[in-house]
Amino acid sequence: MIRLQNVCFNYDRDRTLTDISFHINKGEFAAIIGANGAGKSTLCRLLNGLLKPSSGSVEINGLDTGHTKSSVLARQIGFLFQNPDRQICRNTVAEEILFGLELLYKDREFIAERLEKVLSMFGFSAEDNPFNLSRGERQRLALASLIAVEPEILILDEPTTGLDYKECIEIMEIVREMNKKGTTVIMVCHDMEVVLDYAERVLVLSGGKLIADGETRSVFCMNDVLEQASLIPPQMASLAGRLGSGFEDVFTVEEMTELILEKSNEKRRVEV
Amino acid sequence: MIKISNLTFRYKDGRKNALDNINLSINKGDFLGITGTSGAGKTSLTYAINGVIPHHYNGDYYGSVRIEGEDTFDTSPSALSLKIGSVFQDIDTQLVSSVVEDEILYGLENFSVPAVEIEQRISSALEAVGISSLRYRSIESLSGGQKQKVALAAILALRPKILLLDEPTSELDPESSVQFYRILRELNENHGITIIVVEQKIMLLSEFAKNILVMDTGKIVINGSVREVIDRSSLLEEIGINCPRVTSLSNRLKEEGVYTGSVCINVEEAEKMVRSIIDD
């Protein structure tokens, strides 16, 4: 579905991405992680055709982004910007959701149905002014506008930035639902707990290079990779690392609680 | 140093009070973290402290905010900015120059800092934040994290007594966030700067702040030391604030009856807790 081959990208003279190659299948939920300046947002913009590779190729469903109009790619890819205010451009919630729908579809009945469906799914009031909504609500509106056109691929650049915990969960659960229905999700995220909870695959960027690509839990066990990428593992993984032998592969509070109880019971049995 | 008494504020056309009967004292040298859900009033509280409310936002204003005895209602924001340096949430709205050095110079010239002092102020501010190497870089070419540091350096160069920051790490990666907070701690502990920071990531506050203030619907819900606040994790979760996962772990182990100590606020404490349960 998405194939990058030896992609390099330069902003002016600065090399931002070097020799990136990977393949993402339909229906995957992948996270791109790395320190500030690692090239994550640049990679996202290459995936949706906003940027063209300096060398190498990016293919989306067989279409080479270097030779495909952004408008054609936009039918397949929904892109959520980090800052919703760079995305929202209309004066009411309904107009904002209709913006993409009307660009891509002509059937008025179909458009009205989609609008109603999305308004009800997100609990928005059609006539609300987007700029009177909170940051979290504006982020949800930007996502709602993307979901309205039901793209095959969702690319999310820091979807939870500036959101409180409740809003973060709300957004991520919607994304998870979309993924369960078959939407391919690629998410840039700094919150390792969110990455652990939602992504099944992780790609790690460091200094513009792809230094790891694998199943989320496996990558969070690669201490040398995390260190190279200046990343801090999720808290339970850090704790498990400090506790050492017997605590491998523990990533959640539930798993940690279960293991501690098991070990505590063993200790009691020995004492008896 | 800062005394807020019975402060209530409703934005013009607002449907409810953004700040609702706030009473708060912040002492010199404090490192206060303000947290809460979206719309809780955190940013409004920072606006009330630096005088943006009531001077730039119209609305119904009751009560008082005093900075070193001066009522912000009667003091211009520019006069207040001599004491309080503010770093905004959306960093792109704060940076006005195209080159890092010019950004720092901008504030210094506006504050009429003598020319002989300027070079020293610029270099020490850049050094304090660890971005001396970015001095001649174009701001447009910087990452979000680097821009945050430039904004902080520009404020530090003005040598404020109080630093007021609104979600300064929202665009930073975890390691850069920790580094940023280390800089804040250094400024607080070694330079005596009072730090007031709005932050969603309670893990950072639990590690670096001295006190935490929790807001909900314009009101102060909890105000106390880090441990006093984290101890009330069930209330925090009810409000919608995500406690550190080590705190959730210690709560779970308490419920299971295998741990009776205080809640954990960081990984070091959690390790000790687990070892006390499982080691011989």
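Brief remarks follow.
- Only residues that are of a type in the set (S, T, N, Q) and either assigned by TED's automatic domain parsing to the domain that holds A:Met192 or at positive phi (or both) were counted in the range A:236-248, giving 0.
- Residue ID - modelled with the highest pLDDT, chosen from residues in the range A:142-198 that are within 22 Å of A:Gly37 (Cα to Cα) and among the hydroxyl-bearing types (Ser, Thr, Tyr): A:Thr160
- Some residue of the range A:216-236 being closer than 30 Å to A:Glu152 by Cβ and among the charged types (D, E, K, R): yes
- Odd one out for B:Lys201 among (1) modelled with pLDDT of 95 or more; (2) charged (D, E, K, R); (3) within 20 Å of A:Ser238 (Cβ to Cβ): (1)
- Residue match in the range A:52-72 (condition: surrounded by fewer than 18 Cβ atoms within 10 Å (Cβ to Cβ) and within 14 Å of chain B (Cβ to nearest Cβ)): no
- Test: residue in the range B:219-226 that is modelled with pLDDT under 95, under 22 Å from B:Ser170 (Cα atoms) and surrounded by fewer than 23 Cβ atoms within 10 Å (Cβ to Cβ): yes
- Reported count of residues in the range B:175-214, each being in a helix (DSSP H, G or I) and within 12 Å of chain A (Cβ to nearest Cβ), is 11.
- Checking each residue in the range B:238-256 for being more than 7 Å from every other protein chain (Cβ to nearest Cβ) and within 13 Å of B:Glu207 (Cα to Cα) picks out B:Cys243, B:Thr247.
- Number of residues in the range A:152-181 that are in a helix (DSSP H, G or I) and open to solvent by less than 30 Å² (accessible area, probe 1.4 Å): the value is 8.
- Summed over the range B:103-119, the residues that are surrounded by fewer than 16 Cβ atoms within 10 Å (Cβ to Cβ) and not in a loop (DSSP other than H, G, I, E, B) give a count of 8.
- Boolean, B:Leu172 is more than 10 Å from every other protein chain (Cβ to nearest Cβ) and either in contact (Cβ under 8 Å) with a residue 40 or more places away in the chain or crowded, with 23+ Cβ neighbours inside 10 Å (or both): no
- All told, B:Arg275 meets the bar of being part of a helix (DSSP H, G or I) and within 13 Å of another protein chain (Cβ to nearest Cβ).
- Checked against (1) in contact with a strand residue (DSSP E or B) (Cβ under 8 Å, 6 or more places away or on another chain); (2) free of Cβ contacts under 8 Å to residues at least 60 places away in the same chain; (3) more than 9 Å from chain B (Cβ to nearest Cβ); (4) not polar (S, T, N, Q), A:Asp164 passes all but condition (3).
- Qualifying position, being more than 14 Å from every other protein chain (Cβ to nearest Cβ) and either open to solvent by less than 50 Å² (accessible area, probe 1.4 Å) or in a helix (DSSP H, G or I) (or both), among A:Leu226, A:Leu196, A:Leu203, A:Leu231: A:Leu203
- Candidate set from the range B:140-156 (those that are buried (at least 18 other Cβ atoms within 10 Å of the Cβ) and touching a Phe, Trp or Tyr at 6+ places or on another chain (Cβ under 9 Å)); member that is nearest to B:Arg121 (Cα to Cα): B:Ala154
- Residue that is on the phi > 0 side of the Ramachandran plot and more than 14 Å from chain A (Cβ to nearest Cβ), where the choices are B:Arg159, B:Arg66, B:Arg121: B:Arg159
- Whichever residue in the range A:128-151 is part of a helix (DSSP H, G or I) and more than 14 Å from chain B (Cβ to nearest Cβ) and, among such residues, is farthest from the chain's Cα centre (by Cα): A:Pro130
- Hits in the range A:234-272 (condition: touching a residue at least 40 places away in the same chain (Cβ under 8 Å) and either more than 9 Å from every other protein chain (Cβ to nearest Cβ) or exposed (fewer than 12 other Cβ atoms within 10 Å of the Cβ) (or both)): A:Ala237, A:Phe251
The values are calculated or read from the model by the stated rules, or taken from the named source; none is laboratory data. Since the model is a prediction, treat every value here as computed from it, not as a measurement. All Cβ positions, glycine included, derive from the backbone under ideal geometry; neighbour counts span all protein chains shown. Please note that ligands, DNA and RNA were not included when accessible areas were found on the heavy atoms of the full protein model with its side chains. Shrake-Rupley method; radii C 1.70, N 1.55, O 1.52, S 1.80 Å.
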